[in-house]
Structures are given as structure tokens and as C-alpha cells.
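For reference, the structure is listed below as C-alpha cells.
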Amino acid sequence: MSIQIEKKNDEKITKNFLQESISSVIGKQGEEIIKFLDTEKYINEFIIAKKLDININQTRNLLYRLSEHGLVSSTRKKDKKKGWYTYFWRLEALRTLEFLKEMLKKRISQIEHQIQSREVKTFYVCERCNIEYNEENALLHDFTCSECGNVFIVKDNTKVIKEFRKNLDKSQKELEIINNEIRKEKEKDDKKKVKEIKKEVKEKLKKRLEKKKERDKLKAKEMKQAKKVPKKAIVKKPQKKKETRNVKSRKKIKVKTKKIQKKKKRR
Ligand SMILES: [Zn+2]
């Protein structure tokens with residue numbers, strides 16, 4: 001039970017991150033589109049348009065903007081009757097999380113920069129108007145507010161720095177969670193890849209086995225034929241030779257008998 005709750009929480013965290021990432025590119029419509037864009041199945045763009053309640057060109061425009069950052073990917077199918085292509089879209093979870101991570105890293109470095117600046121530089125403020133000036137601008141204004149004529153006082157940065165540090169802390173924690181989500185997403189991808197490779201290897205082996213069976217069959221056939229052929233060849237040729245020998249020897253016998261007969265006649 002607790003594992004299930006944990007899993008549901010994980011899914012919610014991931015979904016929130018994905019939505020934040022998508023919304024950073026296409027704005028408020030990201031909240032809607034994330035509800036039905038899938039990370040596994042490709043979804044027909046006409047269905048997306050219908051669900052977003054906007055026309056197909058507006059839908060494609062949103063999706064192209066997302067695909068420019070690699071946050072979605074597509075496949076297309078040709079309509080054989082009408083001859084045009086319909087696109088099907090899928091959310092690329094890993095890339096979308098990585099996109100958010102890049103944004104967050106930028107934000108963190110900005111906050112760090114601001115903290116450093118507050119710690120090193122002096123800022124001035126008109127307490128009455130609550131307008132802040134950095135050192136250069138304060139000097140330009142002769143340390144006097146151009147709105148009310150009040151003299152600036154040095155700003156106490158401790159409160160501001162504290163606020164920045166709070167933001168920094170929050171962002172760093174978020175980064176940690178995103179890194180964790182990215183790691184999980186990569187594991188999922190790896191598992192998918194291993195599955196695909198296993199399937200490929202299995203198919204290759206199957207094909208190889210089929211080819212081997214065919215070759216064996218062919219070999220067996222050839223062997224059968226080879227056994228038949230030599231018999232005829234061996235039997236036929238010597239028979240001819242024997243015949244000629246027989247004829248020759250018969251001729252010789254004939255000659256011999258004739259000679260003997262002649263001799264007999266002489267006697
Ligand atoms: Zn003022």
C-alpha cells in the first residue's frame with residue numbers, strides 16, 4: 001500500500017516537473033496539453049487539437065515549438081485516399097526533465113550571483129518611496145531621491161540575502177529531485193533498450209536457424225543426388241571398354257583360328 005502511494009506521489013512529482021518544463025515553452029496551454037500527451041503512445045494531432053479546443057494549425061504551431069527543444073517527437077502516416085500526412089505526437093519525458101534541469105541550473109546560478117552581489121556591493125534606498133539604487137546610480141542622483149528629495153540611506157541587505165538564500169535552497173532541493181527523476185527515466189529507457197536489443201537478437205537467431213535448416217535440407221538433397229550420379233558414371237564407362245576389348249579379343253580369336261585353319265589346309 002505504501003509503495004503504491006509512493007509510486008503515485010512519484011508520478012505526480014514527475015508530472016508537475018513535465019508540466020513546468022512544457023509551460024516554460026508554450027505558456028498556459030502547457031497545463032492542458034500535459035494532461036493527455038503520453039510518454040509511451042503517439043497521439044493523433046487532430047485529437048490533441050480537439051482536446052485543446054483550438055484549430056489544427058494552432059495545435060501544430062504549439063507542438064513544433066515543443067519539438068524545437070526536443071520535448072516532443074512525432075511520427076507521420078500518409079492518408080492513402082487524401083494523400084496528406086497526419087502527425088502523431090509523443091512526450092519525450094527524459095528530454096523534458098533535462099530541459100527543466102537546465103533552466104533550474106541557470107536560475108540557481110542567477111540567485112548565487114545576486115547573493116554575491118548583495119554581499120559585496122552597497123545599495124542605497126529612499127525609505128519614503130522604497131526605491132532602490134546601486135552605488136553608481138546613487139552617485140548619479142547625488143544620493144538624493146529625485147521623486148521626493150529625501151536623502152538615501154544605505155540599504156540593509158541581510159533581509160534580501162536571507163530571502164535569496166531561501167530561494168536558492170528551494171531551487172537546489174528541486175534540482176536534486178529532478179536529478180533523481182532523470183536517473184529513473186534513464187533507467188526506464190535503458191530497460192526499454194535492453195528489451196529491444198533482446199528482441200532483435202532473438203529474431204536474428206531465429207532467422208539464422210531457419211537459414212541453417214534450409215541449408216541442411218539443400219545439403220541432404222545434394223548428397224542424395226551425389227550418391228546416384230557416380231554409380232551410373234562408373235558402370236557405364238567400363239562397360240564400353242569391356243565391349244571394345246571383347247570385340248578386339250574376338251577379332252584376335254578370329255584371326256588366330258583363320259591362321260590355324262590355313263595351317264591345317266597346308267598339311
Ligand atoms: Zn523618495
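The values are calculated or read from the model by the stated rules, or taken from the named source; none is laboratory data. This one's a predicted model, so the numbers in the text were calculated from it and none came from an experiment. Don't worry about glycine lacking a Cβ; one is built from the backbone with ideal geometry, like all the others, and counts go over all protein chains shown.
If we keep just the residues of region 100-148 that are among the polar types (S, T, N, Q) and within 13 Å of the ligand (Cβ to nearest atom), which is nearest to Ile178 (Cα to Cα)? Step by step, filter region 100-148, then rank; the result is Asn130. Pairs are defined by a Cβ separation below 6 Å, a sequence spacing of at least 6 or placement on different chains, a first member in region 139-161 that is on the phi > 0 side of the Ramachandran plot, and a second member that is within 16 Å of the ligand (Cβ to nearest atom) and part of a loop (DSSP other than H, G, I, E, B); the pairs so defined are Phe143/Phe152.
Being surrounded by 11 or more Cβ atoms within 10 Å (Cβ to Cβ) and either within 16 Å of the ligand (Cβ to nearest atom) or assigned by TED's automatic domain parsing to the domain that holds Lys15 (or both), is that true of even one residue in region 155-176? Checked region 155-176: at least one residue is surrounded by 11 or more Cβ atoms within 10 Å (Cβ to Cβ) and either within 16 Å of the ligand (Cβ to nearest atom) or assigned by TED's automatic domain parsing to the domain that holds Lys15 (or both). Within region 128-187, the set of residues being part of a loop (DSSP other than H, G, I, E, B) and of a type in the set (A, V, I, L, M, F, W, C) comprises Cys129, Phe143, Cys145, Cys148, Phe152. Filtered by the rule that a residue be within 24 Å of the chain's Cα centre (by Cα) and either surrounded by fewer than 13 Cβ atoms within 10 Å (Cβ to Cβ) or not assigned by TED's automatic domain parsing to the domain that holds Lys77 (or both), region 19-60 gives Lys35, Phe36, Asp38, Glu40, Lys41. Within region 35-65, the set of residues being touching a Ser or Thr at 6+ places or on another chain (Cβ under 8 Å) and among the β-branched types (Val, Ile, Thr) comprises just one member, Ile48. Glu119 meets each of the listed conditions (1) in contact (Cβ under 8 Å) with a residue 40 or more places away in the chain; (2) under 28 Å from the mean Cα position of the chain (by Cα) apart from (2). Residue check: Lys8 meets all listed conditions (1) surrounded by 16 or more Cβ atoms within 10 Å (Cβ to Cβ); (2) closer than 26 Å to Lys193 by Cα; (3) more than 22 Å from the chain's Cα centre (by Cα); (4) not hydrophobic (A, V, I, L, M, F, W, C) but one, namely (1).
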